[in-house]
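Down below is the structure, laid out as structure tokens.
Values quoted throughout were computed directly from the atomic coordinates according to the rules given, and no laboratory measurement underlies them. As the structure is a computational prediction, the values presented were derived from the model and not from experiment. Cβ placement follows ideal geometry from the backbone for every residue including glycine, while neighbour counts extend to all protein chains displayed.
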Amino acid sequence: MSIKETDKKYVAGTYNRFPVEIVSGKGSVVVDNEGKEYIDLGSGIAVTSFGVADDEWQKAVTEQISKVQHMSNLYYTEPCAKLAEKLCNKTGMSKVFFSNSGAEANECAIKIARKYAAEKKGADYSTIITLVNSFHGRTLTTLAATGQEHYHELFQPLTPGFVHVNAGDIEEFKKVAIESKAAGILMECVQGEGGVIPLDGEYVKAVAAFCKENDIVLMFDEVQTGNGRSGYMYAYMAYGVEPDVVSTAKGLAGGLPLGATLLSDKVKDVLGFGDHGSTFGGNPVSCAAANSIIDRIDDTLLADVKAKSEYIFDTFTGLEGVESVSGMGLMIGIKTVKPAGEIVKECMANGVLCLTAKDKVRLLPALNIPMETLQKACEIIKKAIEA
Ligand SMILES: *Cc1c(COP(=O)(O)O)cnc(C)c1O
């Protein structure tokens, strides 16, 4: 059997895979089993922050793997402690809880908001507000948080205590927050799976101010937008607000599983001994990988991300066959006249891997994609759009 046949027979059919088997790569170029090269503008869905088989990342991972691959959270390990310190220094947050995925990072955030509100205001203050069209993960609780009905239908009953409000409507948010006795609000600064849609700046500021006045836990899901992807270390920084909790994962460890929930001074001690845990969370190899990523997200890199973002916006905005371009940093959605799926297919045939989000072509290139490589890929996308 070919790999494709074996996979189809034995791997659960939850993914509609493209007919391509990737076997190797370097940076922003990946190679399939027939030796064909592709420019990768998906980065494993915003995961391989510095591309595939990046030298510094590989060195950090192999060095740690040759020392100790796992020790359980009953012992101290250096990569975990150092990473937590770095994340706090780069954000002004006070503590970090490590897990393995975005959904788990959000679960931790939700547990914190619930416990904080229960202790501060009473157990009836348990509602978590999220936005319509959001995406927060696939566990039953993060599905409940996800504001898209079609993900919910087959899996009732979901975790209770979630309500969804429309992004941009501050009066609705205030009303629901009071009436539902909200513990917290969780939102993506740029809705990723929802179609690469950035939130309005005034709205985010107004939500943050209301949360502060009413002691509602303000949480940002930076699973996709985080770790330099937006052109900022975290996307909330572009909005000039101070969150209580930030969850992240995807690009954090550049291709190994790692989730992190960053806690502000206000909530840093909400979870105490025995309140939460994770067997693999803070794994030394994942944390060593993450250290090699976080160390390189500096002002120079972020300026470069912004410049490449501008290049992509300039290339596609107003182009015939393009209805709109949205997003932030190297997280971009292009709404095309032709169905997005067709464009992705045509790009793949011509050596470029891109994604879709709702009805848009979605681009999530590596943060360090060379400009010439990006230009080459954009030419191929342009041809697919115009054809
Ligand atoms: C991908 C994603 C998640 C889920 O992350 P997993 O690692 O798949 O659990 C949650 N929130 C957002 C915004 C995401 O993009």
Whole-angstrom gap from the stretch 1-34 to the stretch 108-171, using each part's C-alpha centre:
34 Å
Along the three principal axes, how long is the chain when you take its alpha carbons, biggest first, rounded to the nearest angstrom?
60, 51, 46
State the Cα centre-to-centre distance between the stretch 43-64 and the stretch 175-230 in whole Å.
30 Å
Label the stretch 210-300 by shape, choosing from rounded, prolate and oblate, from the square roots a ≥ b ≥ c of the eigenvalues of the Cα gyration tensor; if a/c is under 1.5 it is rounded, and otherwise prolate applies when a/b is larger than b/c, oblate when it is not.
oblate
Please list 83-92, 234-243 highest first by mean number of surrounding beta-carbon atoms within 10 Å per residue.
234-243, 83-92
Burial ranking of peptide ranges 5-14, 106-115, 211-220 (average Cβ count within 10 Å, highest at the top):
106-115, 211-220, 5-14
The stretch 111-183: C-alpha gyration tensor shape, a/c 1.5 cut-off, then a/b vs b/c
oblate
Listed residues Ser43, Ser99, Ser72, most fluctuating in the chain (Gaussian network, C-alpha, under 10 Å):
Ser72
Spin-label point model (7 Å from Cα, Cβ direction): what's the Thr6 to Ala123 distance in nm?
5.2 nm
Provide the packing ranking of 351-358, 311-318, i.e. peptides ordered by the mean count of other C-beta atoms within 10 Å per residue, highest first.
351-358, 311-318
May I ask you to list, by number, the DSSP H helices of the chain whose Cα span along the axis is at least 18 Å and whose average Kyte-Doolittle hydropathy reaches -0.5 or more?
201-214, 299-316, 371-386
Translational diffusion coefficient, Stokes-Einstein: compute it for the stretch 31-83 using the Kirkwood radius over C-alpha pairs as Rh, at 25 °C and 0.890 mPa s, and state it as an integer in µm² s⁻¹.
177 µm²/s
What does the charge count near Ile369 come to, summing +1 for each Lys or Arg and -1 for each Asp or Glu among other residues with Cβ under 11 Å from its Cβ?
-1
Anything over 18 Å Cα to Cα? Flag those among Lys174/Lys205; Lys115/Lys181; Lys308/Lys358, in the order listed.
Lys308/Lys358
Bridge type composition, the chain - antiparallel percent by DSSP, nearest 5
65 percent
According to the square roots a ≥ b ≥ c of the eigenvalues of the Cα gyration tensor, what is the shape class of the stretch 95-252, taking rounded for a/c under 1.5, prolate for a/b larger than b/c otherwise, and oblate for the remainder?
rounded
Note down the net charge around Ser24, summing +1 for each Lys or Arg and -1 for each Asp or Glu among other residues with Cβ under 14 Å from its Cβ.
-4
Percent RCO, i.e. relative contact order, over the stretch 291-385, from Cα pairs under 8 Å lying at least 6 residues apart:
26 percent
At what distance in nm do the modelled label points of Asn166 and Ile45 sit from each other, each positioned 7 Å from its Cα along Cα→Cβ?
2.9 nm
Percent antiparallel among DSSP beta bridges confined to the stretch 1-155, nearest 5, equals 90 percent
Percent of alpha-carbon pairs separated by more than 12 Å within the stretch 269-310
72 percent
